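Every number here is computed from the coordinates shown, using simple stated rules; none is lab data. The shown structure was predicted, so the numbers you read here are calculated from the model rather than taken from an experiment. Every residue, glycine among them, receives a Cβ derived from its backbone with ideal geometry; neighbour counts consider all protein chains shown.
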Amino acid sequence: MKLPIFPTQEIGSFRKPEYLFEAWRRYLDGEAKYSDILPTIEKASIETIKLLEDIGLDIVWDGEMHRWEMYHYPVEYIDGIEFVGQVRVFDNRYFPKGRVVKKPVLIKNYHIEEYQFVKSHASKPVKIPITGPYTLADWTYNEYYMSRWRYKVSNPIKARYNAKREFTLDLAKNILNPILKELSKRRVFRIQIDEPAATTHPSEMPIFVEAFNKAVEGVKATVTTHICYSDYRILLRYVHDIKTKQYALEFANRDTRNRGLDDDIRRGYTILKEFKEYGFDRELGLGVIDVHTDFIEPVELILDRIKYALKYIEPDKLFINPDCGLRTRSRGIAAKKLRNMVEAVKIIRKEYGYSK
Amino acid sequence: MNVEGYIAGILPRNDGLIKIWKMYEAGRVTEDVFRDVLDKSIEDIISIQVENGFTYIHAPQIDWHDYFRIFTELDGIKAGPLTRYFENNTLYRKPIFEEFPKYREGLIADKTHIRYIPRDVKPILSLPGPYTFLRLSLFKNGVDPVKALSTLMYNALKEALSIGYSKVILHEPSIAYEDDPDKDLLVSLYSELKDFQSNIRVHTYFGDVGKKSDILNELDVEGYSVDLQYTSVESVGCSDKLVIFGVIDAQNTLIEDIEYIYNQVSGYRERCKGDIAISNNTDLDFLPFTVAIDKINLLGNLLKRLRG
C-alpha cells in the first residue's frame, strides 16, 4: 500500500465515548462480561475509525476501544500476572498494576479478533498498536523472578537486573512473539510496538533491545515502535540495534507554543540535531500535538514544528502524529487537534510538490 | 543503641479517595463530599502510624501530586511539562523558575496536615531536597539556581519547623541516581541550610550510595538514608551521622523477609555500634494502597523486633 509523503497517523488510544465508559465500568466492576459489552465496543470502534478517516489520517486504528487501556488489556490474557491495585501515573491518574506470580503463559491471542474487526471496517491502511515486552515487564511488580534472585546474589542491583531480564525475555518469547507472528500471517499493514518504558532504566537498555528483537523474530510484517516522555539521548545509542522501521516519538510536550524555527522556540525538537549527527536512518513519527493540554495547536505552529524537523530528517522518512494516544483529551478536542495536524500536512505536501 | 522507625515520603491514595477525586474533578460531587473522604483518609493514615509505634508520625501527604507542585504555586515558579520521574512510570510537572521565587509564608501550613496529627507524637514532613529540586527544574531569565533553591528551601524549612514538625526529610534521589553527583554543589546547597542541621535528614534512593558516603557525611544534616534495594549493606560505612536504612521496598509488592532484613540491619549495628533508623526506601505511593499498608505494618513489626 503506497502512502503519501508525510503520512499522518494516530498513535493508538482515543477517548472512549461516554456510553462505552459506562459499559467498561460495568465490566470492570464485574457486572458484565466482555461478550456483553462487545456490541457497545464495536459501535464505538466503528465510530472512531470513521472519525479518524473523516479527519483525513492516512493510517488508522480504532482508538483502542476494545481495550480498557494498554496495560490492562494484555494482562487480562496472560496467566501468571494478576492485578494487585491502582498505582499513580500522574496527578490523580492511575492505572491498574499487576504482579507476576509465576512464569507467564498466553491464555489467548488477544489481538486477532480486534484486528480483524478494525481491518474489516477501515478503508485506510491499519496500524495495530501492541504493548511491548519491556513495558509490560516494567509496569508489573516483579515478584516471581525477584523472589528467585533477591538472595541468590549479594549485589542487589545485579539481582534486580537478572530478575528483570528473565521476566522480559519470557514475555517476549512466550507472549509477544506468537501474537506478532499470527498477525504477520494475516498481512497486517503495520504493527506498532508501544514501549513508553524503553529508556526509563538506562542500564537496562540491553534488556529492552534483546527483548524487542526476540519478540519480532520471524515476523514478516512491518514493525514500528512508539516511545514517549523519555530521554532520547539514551535511545540514540541503541537506535540502530532495534529491529524497527519507525520510531514514533513525543516532542510537542517539550516545545513552546510560539511560532518560529529558532532553536530556543522549537526547543522540544532540538534533539533532532543529535539524531542527524548519529546517522539516524529510520522513519520518524514526529509528535506535533501535545496530548496533555486542551490547547488546539494552530496549523501554523504545527507547520513550524514539521519544518524544523525537516532540517534534520529526510522528507521521505517523516510521518506526522500526536505525541502519544489522545485518550486524555475529549473526542471533540482531539478531533480539532488532529484536523489541524492534517491541514498542516496538506500545506507542507503542497510545498513539496505533492498534489493529491 | 537506639533504633528509630518511621515512614517517609508521599503516601498512596486509597481506592475510595481516587474515585471521589475523579468525581470531584468531573463536577459530580461537591467539595464538601470530597473533603469528607480526604479527611477520613488522612485520619486513617495517621492512625496506622500511631498504632505501629513509629518514632515519628509522617504528615499524610496523600493529596500531593508530586514533590514540587506546591512550590509551583509561588510567584516566580511555573508548573512545566509532564516529565518522567527518574526510572518510573510516574510523571511530575517540571518546575520552571521564570523569576526569583517569592516565598509565601503559610505555604507549608496550608499544604500539609499537621493539625490532624495528635499532639503527643512527633510529626515529620517530606520535602524535595534542594539538589534534586535543582536537577529536575528549569531556570530561566538569569535566575541563579543555587540562590533560588537555597532561599526557597530555607524559608520552607523554617516554616515547617516553626509550625511544629520535629524533622524534615529532604528527598534526594538524584544523589543516589547520578553516577557522579556534584559534591561541591551539594555541600554548597546544604551549607545554606545548616541552621536546621539537627532537624533535617536526607533520603536517598534509586541508586547505590555505598561509594558516596564521603559526600553524604559532608552534608550539614543529621542523617541520611540508604536504599537497600540498590546498596549492599556491607558497603555502608560507619558514620557519625544517623544512618537510616530503607528496608521496605516501595517499588515491589513482594513482601520482605523480615528475618533477612533483621540480620542485615543487626550486622550493621554490631559493626558500627551507633544509633540507626529504619524506613521505606522510596515513596510508598509507588504501591497500591493495600500493599503499602501491609508494608507499613511490616516496618512496625521489624521495629518492635529490633527494639527487642
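Each of B:LEU170, A:GLY63, B:GLY142 was scored by the projection of its Cα onto the charge dipole of the protein assembly as shown, and the greatest displacement toward the positive side belongs to A:GLY63; charges sit on the C-beta of Lys, Arg, Asp and Glu.
Distance between the pseudo-spin-label points of B:ASN301 and B:SER166 (7 Å out from Cα toward the beta carbon): 2.5 nm.
Run the reach check for A:LYS97 against aspartates and glutamates, Cα to Cα strictly under 14 Å, same-chain hits fewer than 8 apart removed. What comes back? Excluding near neighbours in sequence, the set is A:GLU69, A:GLU76, A:GLU82, A:ASP138, A:GLU143, B:ASP15, B:ASP285. Count Lys and Arg as plus one, Asp and Glu as minus one, and take only other residues whose Cβ is under 9 Å from that of B:TYR92; the net charge is then +3.
With both labels modelled 7 Å from their Cα along Cα-to-Cβ, the A:LEU28 to A:LYS336 distance reads 2.6 nm.
Counting only other chain Cβ atoms within 10 Å of each residue's Cβ, the peptide A:145-154 averages 2. With both labels modelled 7 Å from their Cα along Cα-to-Cβ, the A:ARG349 to B:LYS147 distance reads 5.4 nm. Based on DSSP, what percent of beta bridges with both residues in the protein assembly as shown are antiparallel, to the nearest 5? Restricted to the protein assembly as shown, the bridges split so that about 25 percent are antiparallel. Give, as ranges by residue number, the residues of the range B:269-297 whose backbone N falls under 15 Å from the point 7 Å along Cα→Cβ of B:ASN217. From the range B:269-297, the list is B:272-274. Over all distinct Cα-Cα pairs of the range A:116-181, the Kirkwood formula returns a hydrodynamic radius of 13.9 Å. In whole angstrom, the protein assembly as shown maps to an equivalent ellipsoid with semi-axes of 43, 28, 25, each derived as √(5λ) from the alpha carbon gyration tensor and ordered largest first.
Considering only A:ASN258, A:ASN142, A:ASN340, the mean-square fluctuation computed in a Gaussian network model of chain A, springs between alpha carbons under 10 angstrom, is largest for A:ASN258.
Counted over chain B with a bin width of 10 Å, the fraction of Cα pairs per bin, in whole percents, is 6, 28, 37, 23, 6, 0.
Between the alpha-carbon centres of the range A:168-203 and the range A:89-135 there is a gap of 10 Å. A Förster radius of 45 Å, combined with the Cβ-Cβ distance separating B:GLU259 from A:ARG257, puts the computed FRET efficiency at roughly 0.20.
In the range B:3-307, if the dipole is taken from +1 on Lys/Arg beta carbons and -1 on Asp/Glu beta carbons about the Cα centre, which of B:PRO60, B:ASN263, B:LEU284 is farthest to the positive end? The residue sitting farthest along the positive end of the dipole is B:PRO60. A simple count of charges around A:GLU18, restricted to other residues whose Cβ falls under 11 Å of its Cβ and scoring Lys, Arg +1 and Asp, Glu -1, yields +3.
Just to verify a number: FRET efficiency for A:ASP91 and B:CYS272, C-beta to C-beta distance, R0 = 45 Å, to 0.05? The formula returns an efficiency of 0.60 here. For the range B:168-308, the number of Lys pairs with C-alpha atoms closer than 17 Å, counting only pairs eight or more positions apart or on separate chains, is 8.
Computed from the C-beta positions of A:ARG186 and A:LYS50 and an R0 of 25 Å, the FRET efficiency is 0.65 to the nearest 0.05. Here the range B:1-70 is treated with +1 on each Lys and Arg Cβ and -1 on each Asp and Glu Cβ, and its dipole about the Cα centre works out to around 240 debye.
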